[in-house]
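Only one structure is covered here, and it is reproduced in the block below.
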2 protein chains.
Amino acid sequence: MTPFDTAVSRDACAARDTSDPLAALRDRFVLPQGMIYLDGNSLGPLPRAAVDMFSYTIEQEWGQNLIKSWNTAGWFDMPLRLGDRIGALIGAAPGQTVVCDTTSINLYKAVCAASGLRSDRDVIVAEAASFPTDLYIIEGAMKSTGRPMKRRLIGADGPLDALLDDRVAVVVLSHVDYRTGALMDVAAITEQVHKAGALVVWDLCHSAGVIEFAFDADAIDFAVGCTYKYLNGGPGSPAFISVASRHQAAASHPLSGWWGHAAPFDFDRDFRPDAGIKRFLCGTQPIISLRGVDAALDALEGVTVAALRHKSLALTALFINRVSTLLPDLEIVTPRDPTLRGSQVAIAFEHGYAVVQAMIERGVIGDFRAPDIMRFGFAPLYLRFQDIWDAAEILAACVRAEVWRDPRYSRRSAVT
Amino acid sequence: MTPFDTAVSRDACAARDTSDPLAALRDRFVLPQGMIYLDGNSLGPLPRAAVDMFSYTIEQEWGQNLIKSWNTAGWFDMPLRLGDRIGALIGAAPGQTVVCDTTSINLYKAVCAASGLRSDRDVIVAEAASFPTDLYIIEGAMKSTGRPMKRRLIGADGPLDALLDDRVAVVVLSHVDYRTGALMDVAAITEQVHKAGALVVWDLCHSAGVIEFAFDADAIDFAVGCTYKYLNGGPGSPAFISVASRHQAAASHPLSGWWGHAAPFDFDRDFRPDAGIKRFLCGTQPIISLRGVDAALDALEGVTVAALRHKSLALTALFINRVSTLLPDLEIVTPRDPTLRGSQVAIAFEHGYAVVQAMIERGVIGDFRAPDIMRFGFAPLYLRFQDIWDAAEILAACVRAEVWRDPRYSRRSAVT
């Protein structure tokens, strides 16, 4: 059985849903009636059990127990406890991950710390096609190192091989390209970076919770990622940062707030960082939003990332197959090779903006990335094979109807 | 009528509650039965209307509308919109305040930016008695400036007058001392700092929402503060940062994430900061926790900070008066002069830890700060004069009963 064998009919897709071992997970999420949600790579849906967890945190823990909840409800420990839960999804043993702040800020900590661990080197390598905030944050981090640093961009300045030398301190890479959906070979690239004597920071925003990652097995140095895409933690829920145990004692960053102190309630005058991963905490975290991460991780209980990845590949394969069949002229940017594909399918099309708007109006939620990318995310937790069939049909109907001639779908600024 | 004239009896306090023009505000908050909550300077209580606002944001905006809510529910604009609302409480005209990240991280941005605006100077002045994270963050910010910086500490190294010279770039001060409750003379100190050619960063954590602050009128350069104390935004709700319009175009900091970009959805490769206050944003904010700030600001509608300050002073005066009468040997650390007093009363007592624990067991929630400070916060939004009378009685009963001899109240680590 290949992932493509269900593509013969909608009935075959429905049958595959019936036998899908992950099918029951869909009930763990609130999904609006009649909507096919292919934007879980931007904002995951609300886990059903989150509603009661939020209420309890708001009305009981905050409302009734107030300040005591810092201890009794475990608020103090949430960044570490949730960090270990995310660590389990990305192959990181406990004590190496915390949930806090934003991806941008965690990337800043990671790049500063990694640069400090390679203080005899002065180059940071990043991807020209990186999600822009990664490049912006690297700019800021370079200025904070206290020494002149240079940036080399994979793509603009050459391939990674050509950019690696003994001046490179850090390489920052995305596990999955946010536009094309291409997946990197983490093990091979990390080994290559390490052979050059540099450290690696992996951005897992578009893979955490849906694609396997082997933080410990691949000897990753640092990883960061968000919790509101495939992890479904809620809008803007706090991000995570993972730092390998072997680096922690020497890894320092300038966001030295009291939550990173070895003894925050001793109220010492000088900063003395915690010996472990807590040194990557800074200030007080938004507890209610953190509780969304808690609920979202509960919704992943009992399922392995390997099983999610298996279904994700089947979903994207089905979509690629259907779109190729229905619209053979469209350019599918995402690699067809499953070892090179993330959990999304990107299609380049000059009228992509209008098509995405028209599809949204017809209940299929995808998004658009300038200049011409239609982007569809495939979350195996709650999508059915029949949804994929229908989404491809609706895409084809919109393209065949030339919806871009309709002024209702004219360009406006894109959504995150 | 002086603030002390109600102190003759509990009945007089109850009568004063009846005539209190702010008395009705108490109904806007959830207050546990039988609890006198004097810890609103650590975590404010749940605004009653917040419950429905959170539910709507979680179940409708996130649950049903999903990604569209970034535009339709105004999620994108929340940091600025809430910033302007907080600006109105601290005397800052619109366009100078954003709500985002944590106080620690916002202080980092402020100190980095202020140092950059005084790049010919190399000294940062702070208070030795500052809340420690302020000192820790200054340490980190000094390392990020790209030039050697020195720290001078008010108290440890001398009084402010003696520390100000033409090497001082920035002075970081707290409006209210988190331990003693002493209030600074913002206008006079800011003028003094400006005369020395330096910039000032005010930490408003213990004053925002309860004590008047004149950001524009006093020509403040930068201010930061939290929203979960007297502003009641919920546990760890995002903090704020205010930057004077005159500084914004030249003020830069290294946390250059995409939310601070002039055109975040153009996905440029290089960072080009927004021309205004948005350059102090960095990454995606925790929307649900931000909604708590929204609800909390609603609970302040129709009341002036001046009226809150007036009642706050009356409450603290009553407490000081009652404690002095009942327990004349206790050392009240907080200034009796209302122009020098914040919204809390701190009492130094060697058995303070046990007394605070015993009071908590009797329904009066205060907190303890090592080595010997019992700290009671007085929030005029929801406290009654009769509560203050009762709290003083319970304090006196605990001291007279020598509760510290009871092993139940033995020392453990303090709560934030």
HN-Hα couplings for region B:57-74 via Karplus (6.51, -1.76, 1.60; θ = phi - 60°), in whole Hz with x for Gly/Pro, come out as 4, 6, 7, 8, 5, 7, x, 9, 9, 6, 4, 4, 5, 4, 9, 5, 9, x
For region A:338-416, convex hull volume per residue from C-alpha positions, Å³:
106
Alpha-carbon Rg with Dmax, taken over region B:52-298, Å:
18.0, 60
Got a sec to turn the phi values of region A:137-145 into Karplus ³J(HN,Hα) couplings, 6.51 cos²θ - 1.76 cosθ + 1.60 with θ = phi - 60°, whole Hz, x for Gly and Pro?
5, 4, 3, x, 5, 4, 5, 8, 7
A:Ile36 long-range amide H proximity, modeled H, under 5 Å:
A:Val364, A:Ile365
Placing the label point 7 Å from Cα along the Cα-to-Cβ direction, what are the distances from B:Gly197 to the equivalent spots in the other copies, shortest first, in nm to one decimal?
4.3
For region A:52-298, what's the relative contact order in percent, using C-alpha pairs closer than 8 Å and at least 6 residues apart?
24
Which value in deg cm²/dmol, rounded to the nearest 500, describes the helix-derived mean residue ellipticity at 222 nm for chain A, given -39,500 (n - 2.57) per DSSP H run of n ≥ 4 and division by the residue count?
-10000 deg cm²/dmol
Taking the Cα centre of region A:178-235 as origin, work out the dipole magnitude from +1 charges on Lys and Arg Cβ and -1 charges on Asp and Glu Cβ, in debye rounded to 20.
260
Please figure out what share of the DSSP beta bridges in chain A is antiparallel and state it in percent, rounded to the nearest 5.
50
Residues with beta-carbon under 10 Å from that of A:Val168, excluding A:Val168: net charge, scoring Lys, Arg +1 and Asp, Glu -1?
+2
Rounded to whole Å and sorted largest first, list the principal axis extents of the Cα atoms in region A:60-168.
58, 29, 26
Report the A-B buried area as the accessible area lost on both sides summed, probe 1.4 Å, in Å² to the nearest 100.
6900
Comparing each residue of region A:56-72 in the complete protein assembly with the chain by itself (heavy atoms, probe 1.4 Å, ligands and nucleic acids ignored), those losing at least 30 Å² of accessible area are A:Ile58, A:Glu59, A:Trp62, A:Gly63, A:Gln64, A:Leu66, A:Ile67, A:Lys68, A:Trp70, A:Asn71
Given region A:152-261, what whole percent of its Cα pairs are spread farther than 15 Å?
68
If amide H atoms are built 1.01 Å from N in the plane of the peptide, which residues on other chains or at least 5 residues away come under 5 Å of the amide H of A:Ile154?
A:Ala126, A:Glu127, A:Ala128
Accessible surface of region A:52-298, 1.4 Å probe, proportion on carbon and sulfur as whole %:
51
Given backbone amide H placed at 1.01 Å from N, residues whose amide H is under 5 Å from that of A:Phe29, ignoring those fewer than 5 places away on the same chain, are A:Arg48
Among the aspartates and glutamates, select those whose C-alpha is under 18 Å from the C-alpha of A:Lys195, and discard any that sit fewer than 8 residues away in the same chain.
A:Asp120, A:Asp122, A:Asp161, A:Asp165, A:Asp166, A:Asp185, A:Asp216, A:Asp218, A:Asp221
How large is the translational diffusion coefficient of chain B in µm² per second when you combine the Kirkwood radius over alpha carbon pairs with Stokes-Einstein at 20 °C and 1.002 mPa s?
96
Compactness of the protein assembly as shown - radius of gyration and Dmax, Cα, Å:
27.7, 89
Report, in whole Å, the centroid distance computed from the Cα atoms of region A:250-278 and region A:346-415.
47
Quantify how strongly other chains surround peptide B:266-275 by giving the mean number of their Cβ atoms within 10 Å of each of its Cβ atoms.
4
Of A:Lys68/B:Lys311; A:Lys109/B:Lys143; A:Lys143/B:Lys143; A:Lys143/B:Lys109; A:Lys278/B:Lys109, which ones are farther than 18 Å apart at the Cα?
A:Lys68/B:Lys311; A:Lys278/B:Lys109
Using a loss threshold of 10 Å², tell me which positions in region A:230-257 are less accessible in the complex than in their chain alone. Probe radius 1.4 Å, ligands and nucleic acids ignored.
A:Gly234, A:Pro235, A:Gly236, A:Pro254, A:Leu255, A:Ser256, A:Gly257
For chain B: relative contact order, % (alpha-carbon pairs under 8 angstrom, 6 or more apart):
22
Rg/Rh for region B:201-342, where both radii come from Cα atoms and Rh is the Kirkwood radius
1.09
The protein assembly as shown, accessible area per residue, ligands and nucleic acids excluded (1.4 Å, Å²):
33
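The values are calculated or read from the model by the stated rules, or taken from the named source; none is laboratory data. As the structure is a computational prediction, the values presented were derived from the model and not from experiment. Don't worry about glycine lacking a Cβ; one is built from the backbone with ideal geometry, like all the others, and counts go over all protein chains shown. In case anyone asks, the SASA skips ligands and DNA or RNA and just uses the protein heavy atoms, side chains included. Shrake-Rupley method; radii C 1.70, N 1.55, O 1.52, S 1.80 Å.
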